[in-house]
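K.L.:
Please see the structure below; I have some questions.
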Amino acid sequence: MAPSPEFTSTAFRHFDLTELPNTARYKLLTATVVPRPIAWVCTLGEGDVPNLAPYSFFGLMGSDPPIVTFAPGDRADGTPKDTALNIVPGGEFSVNLVSAALAQVMSDTATDFPHGVAEVTQLGIELEPGVRIAVPRVRASPATLECVEVQTLQIGKTRIILGEVIGLSLRADAVLDEERHYIDTATLDLIGRMGGRGDYTRTRDGFEIARMTYAQWQEREGSQG
Ligand SMILES: Cc1cc2nc3c(=O)[nH]c(=O)nc-3n(C[C@H](O)[C@H](O)[C@H](O)COP(=O)(O)O)c2cc1C
């Protein structure tokens with residue numbers, strides 16, 4: 001018999017999220033569902049002024065087609081965030097992934113600059129043109145996903161933006177084998193978000209588990225019996 005995972009805690013606390021205010025739900029869930037990757041989303045606003053903001057309600061939802069999703073919640077005054085306003089149906093955006101070296105400046109872009117003030121100019125962030133989209137990428141980001149909006153769901157005060165990834169730019173020294181598409185993820189040195197405040201984690205402390213087939217599982221069980 002395969003060993004059971006060992007539980008060191010026998011007591012659990014249950015929280016009824018339907019009875020709790022949003023501040024409590026946010027604290028509980030963001031401290032529990034970790035680590036979360038960070039989408040540093042660039043869009044073009046009025047007059048093609050670039051807008052850049054981090055979103056950690058973010059995930060990769062498949063590869064066929066390649067879909068990413070992220071979720072801007074409305075501001076406290078009920079207005080949508082600039083990123084949500086800028087992404088029109090079928091519109092383009094770039095998702096720049098965040099390395100440890102970019103952590104501080106990424107966090108700075110979440111400052112509540114007034115509408116129309118470009119974070120990239122205020123913070124001196126260099127952009128460069130996108131390859132397949134008109135929206136630029138963050139030059140110092142180790143990886144950029146070029147995306148086109150396919151659907152936006154509005155559920156309560158949250159917009160869930162789904163985008164198809166049509167291009168991926170990776171820093172060259174992370175590409176181990178271009179033909180066979182092998183990437184050294186550790187070279188990207190990405191960070192993830194822990195909790196809802198200023199807590200982050202690095203991603204270089206990885207480990208590997210080999211997947212097995214059913215036949216291999218039978219063989220393993222047999223050899224232990
Ligand atoms: C690491 C990090 C992750 C964040 N994730 C989210 C998120 O998933 N959803 C959200 O609405 N705001 C999130 N924020 C806050 C926004 O980045 C912030 O409100 C920002 O000013 C929005 O900018 P915009 O109006 O230019 O889109 C996050 C902030 C940080 C620092």
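Just so you know, all these numbers are worked out from the coordinates, no wet-lab data involved. Please read these numbers as outputs of a predicted model, since none were measured by experiment. All Cβ positions, even for glycine, are placed from backbone atoms using ideal geometry, and neighbour counts span all protein chains on display.
K.L.:
Quick one: what pairs do we get from region 15-39, first residue in contact (Cβ under 8 Å) with a residue 12 or more places away in the chain and in a helix (DSSP H, G or I), second within 11 Å of the ligand (Cβ to nearest atom) and among the charged types (D, E, K, R), C-beta under 9 Å, 6+ apart or different chains?
P.N.:
Taking only residues 6 or more apart or on different chains, the pairs are 30/36; 30/193; 30/197; 31/199.
K.L.:
Next question. Looking at region 49-59 only, could you name the residues that are more than 8 Å from the ligand (Cβ to nearest atom) and either free of Cβ contacts under 8 Å to residues at least 24 places away in the same chain or under 18 Å from the mean Cα position of the chain (by Cα) (or both)?
P.N.:
59
K.L.:
Answer with yes or no whether residue 148 is touching an Asp or Glu at 6+ places or on another chain (Cβ under 6 Å) and part of a strand (DSSP E or B).
P.N.:
yes
K.L.:
For residues that are surrounded by 12 or more Cβ atoms within 10 Å (Cβ to Cβ) and touching a Lys or Arg at 6+ places or on another chain (Cβ under 9 Å), tally how many sit in region 120-134.
P.N.:
Of the residues in that region, 5 qualify.
K.L.:
Output the residue which, of all residues in region 48-99 that are surrounded by fewer than 18 Cβ atoms within 10 Å (Cβ to Cβ) and acidic (Asp, Glu), is farthest from residue 36 (Cα to Cα).
P.N.:
48
K.L.:
Just checking, which of 75, 25 is more than 23 Å from residue 122 (Cβ to Cβ) and charged (D, E, K, R)?
P.N.:
Just a single option satisfies the conditions, and that option is 25.
K.L.:
Could you identify the single residue in 119, 146, 128 that is under 17 Å from the mean Cα position of the chain (by Cα) and of a type in the set (D, E, K, R)?
P.N.:
Working: 119 fails: under 17 Å from the mean Cα position of the chain (by Cα); 128 fails: under 17 Å from the mean Cα position of the chain (by Cα).
That would be 146, the only listed residue that is under 17 Å from the mean Cα position of the chain (by Cα) and of a type in the set (D, E, K, R).
K.L.:
How do the pairs read when you match residues in region 110-122 that are over 17 Å from residue 136 (Cβ atoms) and outside any helix (DSSP H, G or I) with residues anywhere that are small (Gly, Ala, Ser) and near the ligand (Cβ under 10 Å from one of its atoms), using Cβ under 8 Å and keeping only pairs 6 or more apart or on different chains?
P.N.:
110/53; 116/45
K.L.:
For region 158-168, state whether one or more residues are closer than 27 Å to residue 107 by Cα and part of a loop (DSSP other than H, G, I, E, B). Write out each step before concluding.
P.N.:
Let us first name the residues in region 158-168 that are closer than 27 Å to residue 107 by Cα, namely 158-168.
Next, from what is left, pick out any that are part of a loop (DSSP other than H, G, I, E, B): none.
No, because not a single residue in region 158-168 is closer than 27 Å to residue 107 by Cα and part of a loop (DSSP other than H, G, I, E, B).
K.L.:
Separate question: I'd like to verify a number: residues in region 96-139 that are of a type in the set (Gly, Ala, Ser), within 14 Å of the ligand (Cβ to nearest atom) and under 29 Å from residue 153 (Cβ atoms), how many?
P.N.:
The first filter runs over region 96-139 and keeps only residues of a type in the set (Gly, Ala, Ser), leaving 99-101, 103, 107, 110, 116, 118, 124, 130, 134.
From the residues that got through so far, the ones that are within 14 Å of the ligand (Cβ to nearest atom) too are 99-100, 103, 107, 110, 116, 118.
Narrowing the set further to residues that are under 29 Å from residue 153 (Cβ atoms) leaves 107, 110, 116, 118.
Residues that pass the stated criteria total 4.
K.L.:
A follow-up question, please. State whether the residues of region 23-33 include one that is hydrophobic (A, V, I, L, M, F, W, C), crowded, with 16+ Cβ neighbours inside 10 Å and under 22 Å from the mean Cα position of the chain (by Cα). Explain how you work it out, then say what you get.
P.N.:
First, pick out the residues of region 23-33 that are hydrophobic (A, V, I, L, M, F, W, C): 24, 28-29, 31, 33.
From what's left, crowded, with 16+ Cβ neighbours inside 10 Å: none.
No: zero hits.
K.L.:
Tell me whether region 174-191 contains one or more residues that are within 16 Å of the ligand (Cβ to nearest atom) and assigned to a strand (DSSP E or B).
P.N.:
Taking every residue of region 174-191 in turn, at least one turns out to be within 16 Å of the ligand (Cβ to nearest atom) and assigned to a strand (DSSP E or B).
K.L.:
Specify the residue that is surrounded by the most Cβ atoms within 10 Å (Cβ to Cβ); the eligible residues are those in region 144-169 that are hydrophobic (A, V, I, L, M, F, W, C) and within 15 Å of residue 63 (Cβ to Cβ). Give the steps one after another, and end with the answer.
P.N.:
Taking region 144-169 first, the residues hydrophobic (A, V, I, L, M, F, W, C) are 145, 147-148, 150, 153, 155, 160-162, 165-166, 168.
Subsequent filtering for residues that are within 15 Å of residue 63 (Cβ to Cβ) retains 145, 147, 150, 162, 165-166, 168.
Working: 145: 23, 147: 29, 150: 14, 162: 15, 165: 17, 166: 15, 168: 13.
The selected residue is 147.
K.L.:
Further question on the same structure: In region 60-95, which residues are of a type outside the set (Asp, Glu), more than 16 Å from residue 149 (Cβ to Cβ) and within 11 Å of the ligand (Cβ to nearest atom)?
P.N.:
Within region 60-95, 73, 75, 76, 79 meet the criteria.
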